[in-house]
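Visitor: If you scroll down you'll find the structure; I have some questions about it.
The values are calculated or read from the model by the stated rules, or taken from the named source; none is laboratory data. Model, not experiment: these values are computed from the prediction. Ideal geometry is used to build each Cβ from the backbone, glycine not excepted, and the neighbour counts take in all protein chains shown.
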Amino acid sequence: MPPKLTPAQKQVFTLYRRGLRAIRAKPEASQPSFLLYLRHAFRSPSGGGGLRKRDFGAIEYMLRRGDKMIGDVLEEKGTKSISLPRGASEWWEEEVRKARGGGGE
């Protein structure tokens, strides 16, 4: 049986799924850039990844920030492409390398 999720964890997963759904409505050619943007926002330390479970103030702030980002950027019908944050591609390559057992740090 998987561990029970806290309400904050459920909110994070709901917000992430909302972002993924919004990406599906974007042009197919630009979807990988939007997906990397979303991953970077949720997983990188600069975007809020790695917060401690008990840091409620920071978690609530990041949820509000993520909600605004998804509403203003990903769900906006007129947004057809996106510029990635500086270092997002390199960050993702490092994450993939770590997951494949290539080490790094």
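Visitor: If I filter the stretch 50-69 for residues that are surrounded by 11 or more Cβ atoms within 10 Å (Cβ to Cβ) and touching a Ser or Thr at 6+ places or on another chain (Cβ under 8 Å), do I get at least one hit?
Guide: No, because not a single residue in the stretch 50-69 is surrounded by 11 or more Cβ atoms within 10 Å (Cβ to Cβ) and touching a Ser or Thr at 6+ places or on another chain (Cβ under 8 Å).
Visitor: Is it fair to say residue 83 is of a type in the set (S, T, N, Q) and loosely packed, with under 11 Cβ neighbours inside 10 Å?
Guide: Yes; evaluated as a whole, the condition is true for this residue.
Visitor: Being among the aliphatic types (A, V, I, L, M), farther than 17 Å from residue 16 by Cβ and in a loop (DSSP other than H, G, I, E, B) is the filter here, so list the residues in the stretch 78-99 that pass it.
Guide: Selection gives 84 alone.
Visitor: Among the residues of the stretch 58-105, write down those that are among the hydroxyl-bearing types (Ser, Thr, Tyr) and over 14 Å from residue 37 (Cα atoms).
Guide: 61
Visitor: Next question. Go through the stretch 49-77 and give me each residue that's part of a loop (DSSP other than H, G, I, E, B), out of contact with any Phe, Trp or Tyr (no Cβ under 9 Å at 6 or more places or on another chain) and over 15 Å from residue 23 (Cβ atoms).
Guide: So the first thing to find is which residues in the stretch 49-77 are part of a loop (DSSP other than H, G, I, E, B), and the list is 49-55, 75-77.
Now narrow it down to the ones that are out of contact with any Phe, Trp or Tyr (no Cβ under 9 Å at 6 or more places or on another chain): 50-55, 75-77.
50, 51, 52, 53, 54, 55, listed by residue number.
Visitor: Among residues belonging to the stretch 61-95 that are within 15 Å of the chain's Cα centre (by Cα) and of a type in the set (Asp, Glu), point out the one that is nearest to residue 27 (Cα to Cα).
Guide: Result: 75.
Visitor: Does any residue of the stretch 77-95 turn out to be touching a Pro at 6+ places or on another chain (Cβ under 6 Å) and modelled with pLDDT of 85 or more?
Guide: Yes - at least one qualifying residue is present in the stretch 77-95.
Visitor: Determine the pairs where a residue that is more than 16 Å from residue 49 (Cβ to Cβ), located within the stretch 79-93, has a partner that is in a loop (DSSP other than H, G, I, E, B) with Cβ atoms under 8 Å apart, the partner being 6 or more residues away or on another chain.
Guide: 79/26; 80/26; 80/27; 81/27
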